[in-house]
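Trainee: My structure is below; once you've seen it, I'll send some questions.
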Amino acid sequence: MRLFLLAATAAAMLVPGLAVAQSVEGRVGKLESEMRAVQRKVFPGGSGQLLQPEIEREQTGVQPPPGASASSPVADLTARLASLEQQLATLTGQVEQNQFRIRQIDEGFTAYKSATDARLKAVEDRAAAPAARPPRNEEPETDSEASAPRPAPRPAAVRPASAEAGGPAVVQPDTGDAGEDAYMYGYRLWTAKRYTEAEAQLKKVVATYPKHRRASYAQNLLGRSYLDGGKPSLASIAFYDNYKKMPDGERAPDSLYYLAQALQTLKKPADACKVYGELSDVYGAKIGAQMKADIARGRAAAKCS
C-alpha cells in the first residue's frame, strides 16, 4: 500500500512537467518552421538546411552520476527556444536591412534614369538645331522642269524667325484642276518661305486629293518644308511616309534622297547609308544621272562603306 501511494505521488508530480515540456516543444517547432521560412528568403541557396542553435551547456565542476541526464528536458527545450528566438530576431533584422537597401537601389536607379533621359533629350535637341541645312533643289512646277538637271547641293541659309510675318502676297491659282491648284498654292507658300502656312496647305492636299498625281509631290514638299524650317525629325517622317504609302509616286525617289539628308542632319550617318542603298536598289533604273551623282556625294559625306 505504501509503495502504491509513492508511485501515485510521483506520477502526479510528473504530469505538470510533461505538460510544460509539450507546450515548450510546440513553441520550438513553430519557431523552427518560421526560421526555415526566413532562412529560405535570406539564404536562397541554402538548400532548406536549418542553422543549428548555438547552445552550449554550462560546464560545472559537478558531473552527473552515470546514467543520469545532464539536464532536464524542460531546461533543454527552454535553451533551444531562447536560441531560436535570438536567431529569428537576427534574421528578421537582416531581411529588413536588405529591403531597405533594395529601396535605396531602386530610388537611385530611378533618379539616374531620369537624369540620363534629360541629358539624352538635350543632346538630341542640340543635334536637331538647324546650324546648316542639307542641300536642296527647287521643286519643279511643271513636267518640263521636272526633268531639268539638279543643281549641285549647297547649304541653305537659316530662315529668320520673322520671315513669315510679312512678304509679298501669295495668290492661289485657278486653272480648273482643284488638286493641281491646291498643290501649286502650297508650293508658292514654300518658295516664299512661309513654311508654317505651306505645311498646313500641303497636308490638306494629301488628305483631300490622295489619288491625285500631285499627292506625291505635296508629301515630298511637306518634308522639304520641315527640313528648311529646321525640323529634321518631322521631315524624316514625312519623307518616309511618302515612300511607304506612295512608292510609285513621282516624288518617292526624291523623298528617299531627302530622308537620307534629314538623317545626316540628325547625326545618324549609318541610317542614311541604309537609305541611300534602298534608293539605289529600288529606283536605280528610274533615277537620272544627276540624282546618282547626288547619291554618290551623299554616301561620301556619310562615309558609307
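Just so you know, all these numbers are worked out from the coordinates, no wet-lab data involved. Values in this document were obtained by computation on a predicted structure and should not be read as measured data. Please note: Cβ atoms are built from the backbone with ideal geometry, for glycine as well, and neighbour counts cover all protein chains shown.
Trainee: Which members of the stretch 203-215 meet the condition of being touching a helix residue (DSSP H, G or I) at 6+ places or on another chain (Cβ under 6 Å) and of a type outside the set (Lys, Arg)?
Mentor: 205, 206, 209, 212, 215
Trainee: When you scan the stretch 171-179, do you find a residue that is over 22 Å from residue 278 (Cβ atoms), in contact with a Leu (Cβ under 7 Å, 6 or more places away or on another chain) and acidic (Asp, Glu), even just one?
Mentor: Residues of the stretch 171-179 that are over 22 Å from residue 278 (Cβ atoms), as a first pass: 171-179.
Of the ones still in play, those that are also in contact with a Leu (Cβ under 7 Å, 6 or more places away or on another chain) are none.
Within the stretch 171-179, not a single residue is over 22 Å from residue 278 (Cβ atoms), in contact with a Leu (Cβ under 7 Å, 6 or more places away or on another chain) and acidic (Asp, Glu).
Trainee: Could you please let me know if residue 300 is part of a helix (DSSP H, G or I) and surrounded by 22 or more Cβ atoms within 10 Å (Cβ to Cβ)? Show your work before the answer.
Mentor: Values: part of a helix (DSSP H, G or I): yes; surrounded by 22 or more Cβ atoms within 10 Å (Cβ to Cβ): no.
No; evaluated as a whole, the condition is false for this residue.
Trainee: Sticking with this structure for a sec: For the stretch 198-239, how many residues meet the condition of being surrounded by 18 or more Cβ atoms within 10 Å (Cβ to Cβ) and not in a loop (DSSP other than H, G, I, E, B)? Walk me through how you get there before you give the answer.
Mentor: Within the stretch 198-239, the first condition is being surrounded by 18 or more Cβ atoms within 10 Å (Cβ to Cβ), and the residues that meet it are 198-199, 201-202, 205-206, 209, 212, 214-229, 231-232, 234-236, 238-239.
Those left that are additionally not in a loop (DSSP other than H, G, I, E, B): 198-199, 201-202, 205-206, 214-228, 232, 234-236, 238-239.
Summing the residues that are surrounded by 18 or more Cβ atoms within 10 Å (Cβ to Cβ) and not in a loop (DSSP other than H, G, I, E, B) in the stretch 198-239 gives 27.
Trainee: Scan the stretch 228-255 and report the pairs whose first residue is among the polar types (S, T, N, Q) and whose second residue is part of a loop (DSSP other than H, G, I, E, B) and crowded, with 21+ Cβ neighbours inside 10 Å, with Cβ atoms within less than 8 Å and a gap of 6+ or a chain change.
Mentor: Every condition considered, the pairs that remain are 242/251.
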